[in-house]
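Undergrad: One structure, pasted below without further comment.
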Amino acid sequence: MSGDMIQCSNLKKNYGHKKVLKGVDLNIPPGTIYALLGTNGAGKTTLIRTLLGLIPRSSGNVNILGSDPWQAGPNLRQRIGYVSEEQGLYGWMKIAQIIKFCRDLYPKWNSGFVASSLQRFGLAENTRIRTLSKGQKVRLALILALAPEPDLLILDEPMSGLDPLAQRDFLKILQQDAERTGRTIFFSTHDLHDVETIATHVAILFNGRIQATGALDAVRASIRRIRTTGQLKNLPPQVRELEVNKDGGVYLLPAADQAWPEITGANGDCQVVEDSPALLEEVFLYYCAGGDKA
Amino acid sequence: MKFPRPLLLKKELHQNSLFYLFPLPFVLALAVLKITCAFAGLPWLIPLFSVGVPFTLAVAYGLQAFDIEEDQQTRDFLLVKPLSILRIVTEKYLIGLTILLFWAVTFWWLCGSSYFELPQALSVGSWAGWLILAGIILTYSCSFLAGLWIQGPKKLLAVLLLTPLMLGWAFLAWSSWATFFLHNFTLQQTSWVIPLFLIVIAFAVSGSIILLTFQTVIWLLQQRPSLRETPGLTCSILPPVLLLLLGLLLNLALAVPLRISNFIGAELFGLEKPAFWTLEGAWNPRNNLLAVSGPNYRIALASLGKTPKVLYQSDTEKKGIIPVLAWSPRGDLLAFEEDGKIYLLNTREKQKPVWVGNGTNPCWSQTGEALLFASAESYTTEAPTKEHSILLFHQVFYHVDIKTGIVRPYLEFDAVGNHWTWDDANDAIWYVSPAGELVRVTLKEGFSFHPVPGVPSGRPIIYARFYRVNHPSPKFIVTLYYLNQNKRQHVDVYFYLLDPVKAMIKPLHHESGLNLTTLILHPQTGTYLLGRNGAFTKRQIPKFREVLQ
């Protein structure tokens, strides 16, 4: 779709013989808060770094804000804010120094936002960055990423290692910013709570491929949850066994799947006692527990 | 939009401080040497440290331009900023080049024979200096760019090639310096603090380089994805420690016996390595300047903390050594003998030495108002057979009045001897006979010869020196050199205190079996330098001051 903030098709990235991204297709429309959900080692960081042009892709197409990030220069990077898991702030600098360092690089800089945010989070400008806690560093990195008022904000597991209070704080900032500016936010996480709290859209990355993508509700509704009175035998590949006990079983399968009556028919006296949309956690489990369609 | 160059440069300095400051301990060590030991030798260090090491460092800068960012996890933060890669690399290049040039110039200055070698080279008024500078900049730039270009699998190969090079530089520098530090002191160096400081620096620097090198090798062998993962302590520490111990043992083996100040000889005679056979030296009685002489009729002044300065060089093309140097008691005039001629040199005025006569053995009066030197004519006594004839010397002593410059014959007598000294306060002349007798010639009562008891007789003396001591009372220290009976070309040296009034001597000290080419005594302190091939060992006459009292 033209006008998407991020477009990538058949994106592949190899490290030597190791295939990390095996053909990612992703379109992120403007104004969305898009969560990239994946297990550890799924390739989330590689995908984000490829999208940002920090590493070259092996093949495929990538387009961010209308440009190829690997070829683009400073003009593109002026429009993108980025916070990585490690933040990468220079520990020897003071907060005031790193603000000056960044401010001088961008044509736009919202000094009012920076001042009010620093005050809100209790960050003194003469504090040395290495003395900050993990939570304070993340907040500072987010302030620095938002201050140039980028069109696109990309976050790579920003809340990793934060305590629940700091996580809540961080999500609040993001939400408020999105409501205020309508900015597109693309963030990676493996925490389902983060996704359900703020994301409007979600993409599930597993084994180097996007397994599911779209609006959060649509993705959630893409999988059905079936509870039966007995254990089913000879399951077709699109059906996942979630839980089995003496009272029966819980199964996940694509919502659009039409094969269910045939399966229950083939398993004798098994009866469906519950048929409902799956929870996000179950959707994630469905796709990440052998859901590779490759 | 302002470009944050100062902060970006500051960032570079902060992040690469280890690399940039890597030569600092070397510079400190050289500076200490330059200031305290008048270090001006080792010219081969100039290309090593102004080209070799910076070249290696420049490649390393290029190779690791983004590794440190990677290591400190700041790479992504920097690269997503609206800065072009070219600009980032340019900043890194500029600061690296500036630092490398700074170190190169510093090394050039510290290792050069003069204090202003590079500025001189650059201000010669020709293109040569600028071409040299341009060549260095070009070399560094190409090295940096080569390092930057070498990424991916080639990087492994480059690091593997650079590692032994760096290791080689470090070991070469450490080894030569440690040897140098162990072997060299200033002539009057009494403290071990500075040499120990230098040795510690050399150890620390080379140790850290070797440690880093081994860590890199281990990292490469283990194919670690990130330098953040450090190898185990044992495999990091053990190999460099073993190497250092090996180097230390090698150096200790080379450093026996401990040698002092051989660089003075090298500097003085323009040799890369000290290699001269004899060196006459005399301490100025008024300050701590040592006048030294050597081949090609040269005299230099050596003093603490300064480059030895050539004081005099003969115009003649003859090659020879000035055998005697004699300071006037006031320390302003230096009398010396060159090829049978006696000269007087005023060291405070830059004038040519004045020829005062032909002879040997110049010696001063106690006040310094007159100089005496001997001129000998040999003849053979008549005898029934040639085998029984005796070679006699007719000694004529000339008196030089320093105020008027008048030179006149003073006295003459027949005697076989050498190493005359003038005891004008007691109107006497002292000398040592070939038979080993210390003889006083009194001049008041005609010429009477008085052998002084107390000196072992019967052993042929090969050399002797008299040193005047004026405090607390006028005395002489006599050094007598005998051939060692067991080792060929080795000597035994005896030190005596001579009371010229009582004509009595007192043994002070002796050294046996010395293999030396010169001995220079400081008569006020009892310190003496034993020299062999330009290297010196400093010794002390025990309880010297107590004995003088």
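Undergrad: If I filter the stretch A:69-87 down to residues being within 15 Å of A:Cys102 (Cβ to Cβ), part of a loop (DSSP other than H, G, I, E, B) and within 8 Å of another protein chain (Cβ to nearest Cβ), which single residue comes out as modelled with the lowest pLDDT?
TA: Checked the stretch A:69-87; the qualifying residue modelled with the lowest pLDDT is A:Gln87.
Undergrad: Answer yes if at least one residue in the stretch A:184-193 is part of a loop (DSSP other than H, G, I, E, B) and over 25 Å from A:Asp104 (Cβ atoms), and no otherwise. Write out each step before concluding.
TA: First, pick out the residues of the stretch A:184-193 that are part of a loop (DSSP other than H, G, I, E, B): A:190-191.
This time we only want the ones that are over 25 Å from A:Asp104 (Cβ atoms), so: A:190-191.
There is at least one residue in the stretch A:184-193 that is part of a loop (DSSP other than H, G, I, E, B) and over 25 Å from A:Asp104 (Cβ atoms).
Undergrad: While we're on this one: Going residue by residue through the stretch A:106-129, is there one that turns out to be in contact with a Cys (Cβ under 9 Å, 6 or more places away or on another chain), closer than 25 Å to A:Lys44 by Cβ and in contact (Cβ under 8 Å) with a residue 12 or more places away in the chain?
TA: Taking every residue of the stretch A:106-129 in turn, none turns out to be in contact with a Cys (Cβ under 9 Å, 6 or more places away or on another chain), closer than 25 Å to A:Lys44 by Cβ and in contact (Cβ under 8 Å) with a residue 12 or more places away in the chain.
Undergrad: Would the stretch A:149-163 turn up any residue that is part of a helix (DSSP H, G or I) and under 28 Å from A:Leu36 (Cβ atoms)? First the steps, then the outcome.
TA: Start the filter on the stretch A:149-163 by keeping residues that are part of a helix (DSSP H, G or I), which leaves none.
No: the stretch A:149-163 contains no residue that is part of a helix (DSSP H, G or I) and under 28 Å from A:Leu36 (Cβ atoms).
Undergrad: Hey, can you tell me all the residues within the stretch A:4-57 that are assigned to a strand (DSSP E or B) and among the charged types (D, E, K, R)? Lay out the reasoning, then the answer.
TA: So in the stretch A:4-57, the residues assigned to a strand (DSSP E or B) come out as A:6-15, A:18-28, A:33-38.
The answer is A:Lys12, A:Lys13, A:Lys18, A:Lys19, A:Lys22, A:Asp25.
Undergrad: From the set of residues in the stretch B:70-92 that are surrounded by 21 or more Cβ atoms within 10 Å (Cβ to Cβ) and part of a helix (DSSP H, G or I), which is nearest to the other protein chains (Cβ to nearest Cβ)?
TA: Filtering first and then ranking leaves B:Phe77.
Undergrad: Can you spot a residue in the stretch B:419-441 that is acidic (Asp, Glu) and part of a strand (DSSP E or B)?
TA: yes
Undergrad: Collect the residues in the stretch B:469-493 that are out of contact with any Asp or Glu (no Cβ under 8 Å at 6 or more places or on another chain) and closer than 21 Å to B:Cys363 by Cβ, keeping them in residue-number order.
TA: Of everything in the stretch B:469-493, those that are out of contact with any Asp or Glu (no Cβ under 8 Å at 6 or more places or on another chain) and closer than 21 Å to B:Cys363 by Cβ turn out to be B:Val469, B:Asn470, B:His471, B:Ser473, B:Pro474, B:Ile477, B:Val478, B:Thr479, B:Leu480.
Residue-by-condition table, conditions (1) of a type in the set (S, T, N, Q); (2) in contact with a His (Cβ under 9 Å, 6 or more places away or on another chain); (3) at pLDDT 90 or above:
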{"site": "A:Asp104", "(1), (2), (3)": "no, no, no"}
{"site": "A:Ala115", "(1), (2), (3)": "no, no, yes"}
{"site": "A:Arg120", "(1), (2), (3)": "no, no, no"}
{"site": "A:Lys137", "(1), (2), (3)": "no, no, yes"}
{"site": "A:Asp156", "(1), (2), (3)": "no, no, yes"}
{"site": "A:Leu174", "(1), (2), (3)": "no, no, no"}
{"site": "A:Thr184", "(1), (2), (3)": "yes, no, yes"}
{"site": "A:Thr197", "(1), (2), (3)": "yes, no, no"}
{"site": "A:Ile204", "(1), (2), (3)": "no, no, yes"}
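Here is a yes/no grid of residues against (1) crowded, with 19+ Cβ neighbours inside 10 Å; (2) modelled with pLDDT under 75; (3) within 29 Å of the chain's Cα centre (by Cα):
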| site | (1), (2), (3) |
| --- | --- |
| B:Glu445 | no, yes, no |
| B:Phe449 | no, yes, no |
| B:Lys506 | no, no, no |
| B:His522 | yes, no, yes |
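Undergrad: Within the stretch A:88-122, track down each residue that is more than 14 Å from chain B (Cβ to nearest Cβ) and surrounded by 18 or more Cβ atoms within 10 Å (Cβ to Cβ).
TA: Within the stretch A:88-122, A:Val114, A:Ser117, A:Leu118 qualify.
Undergrad: Let me ask you something else. Take the residues of the stretch B:1-19 that are within 24 Å of B:Pro54 (Cα to Cα) and in contact with a helix residue (DSSP H, G or I) (Cβ under 7 Å, 6 or more places away or on another chain): which is modelled with the lowest pLDDT?
TA: Looking at the filtered set, the residue picked out is B:Phe19.
Undergrad: Which of (1) in contact with a Leu (Cβ under 8 Å, 6 or more places away or on another chain); (2) more than 9 Å from chain B (Cβ to nearest Cβ) is the odd one out, the single condition A:Leu54 does not satisfy?
TA: A:Leu54 satisfies every listed condition except (2).
Undergrad: In addition: Can you tell which of B:Pro384, B:Pro362, B:Pro329 is of a type outside the set (Asp, Glu), modelled with pLDDT of 85 or more and outside any strand (DSSP E or B)?
TA: B:Pro329
The values are calculated or read from the model by the stated rules, or taken from the named source; none is laboratory data. Fair warning: this is a prediction, and the values are worked out from it, not measured in the lab. Here the Cβ is made from the backbone with ideal geometry for all residues, glycine too, and neighbour counts use every protein chain on show.
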